[in-house]
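Nothing in this text is a laboratory measurement; each read-out follows from the coordinates by a stated rule. Only a predicted model underlies this, so the values are computations on that prediction, with no experimental measurement involved. Here the Cβ positions follow ideal geometry from the backbone for every residue, glycine too, while neighbour counts run over all protein chains shown.
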Amino acid sequence: MFRDRQQAGRRLAERLEGRPGVGWLVLGIPRGGVVVAAEVARRLGAELDITVPRKLRAPHNPELAIGAVAEDGSVYLDERALSALRVPAEYLQEEVREQLREIERRRTAYRGDRPPPELGGRTVVLVDDGIATGSTMIAAVRSLRSRGAGEVVVAVPVAPPEAVRRLRQEGCEVVCVHEDPLFVAVGQFYDDFTQVSDEEVRAILQAFWRQQEGGGGA
């Protein structure tokens, strides 16, 4: 159990310390993942930025993922879920469009005119506050690789073993503080899982970026 996302980030950073992390880029997945990622980046002395994948929601059950879309528009689909739920093609197309609109809104809200970081050959640590199915992470990992990232390390405080297995099948190293076979939802592992606002995400990033550009440690 984690007290809050900040503590989860510090415990996650402990798992990553001692590695040759020169030039590492820590990417948080908004919103909650940015809080965790900031703690990781601070502890590792790494650069902090974001990537904005979005879950594709099942019809009549928005908590259930049927896939995900990355910010470059690439789509990952969970074919088993699509088949079991008999998701209509028209629904899926509209859901992809809706999530792409939300991705663009968030990118603008968080980044403004700031260009995305260069990924060429870099080790990227992809951080969220937890994983449920793994669909969103898979979409993000594939997108980062297509954009030239070197090694991609998925780092999360908590996940079910099945999601960790799926990500390792993608060829990722997965660093997870707590794997729980009785996983129901990410929030069950936090005492404080208060929703993070757009304003909080923007404030964390802006403060971090100011320190980075000023030459000081975060």
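Couple of notes before you dig in:
- In percent, rounded to a whole number, the relative contact order of the chain is 26, using alpha-carbon pairs under 8 Å and six or more apart.
- In this Cβ point-charge picture (+1 for Lys and Arg, -1 for Asp and Glu), the chain has a dipole of about 280 debye about its Cα centre.
- Here the scattering of the stretch 1-49 is modelled by Debye summation over its C-alpha atoms, one equal scatterer each and no solvent; at q = 0.26 Å⁻¹ the log10 of I(q)/I(0) is -0.92.
- Spin-label model distance (nm) - Glu199 vs Arg97, 7 Å beyond Cα toward Cβ: 3.3 nm
- Listed residues Ala149, Val177, Pro161: farthest to the positive end of the dipole of the chain (Cβ charges): Ala149
- Annotation: for a label point projected 7 angstrom from Cα along Cα→Cβ of Gln212, residues of the stretch 34-49 with backbone N closer than 14 Å are 34-35, 37-49.
- Calculated [θ] (222 nm, deg cm²/dmol) that DSSP helices of n ≥ 4 give over the chain, each run adding -39,500 (n - 2.57): -13500 deg cm²/dmol
- In units of the compact-protein estimate 2.2 N^0.38 Å, the stretch 48-175 shows a Cα radius of gyration of 1.05.
- Between the labelled values (1) 118; (2) 236; (3) 138, the entry that holds volume of the Cα convex hull per residue in Å³ as derived from this structure is (1).
- Put in line by how crowded their Cβ is, counting other Cβ atoms within 10 Å and starting with the fewest, Arg80, Arg168 read Arg80, Arg168.
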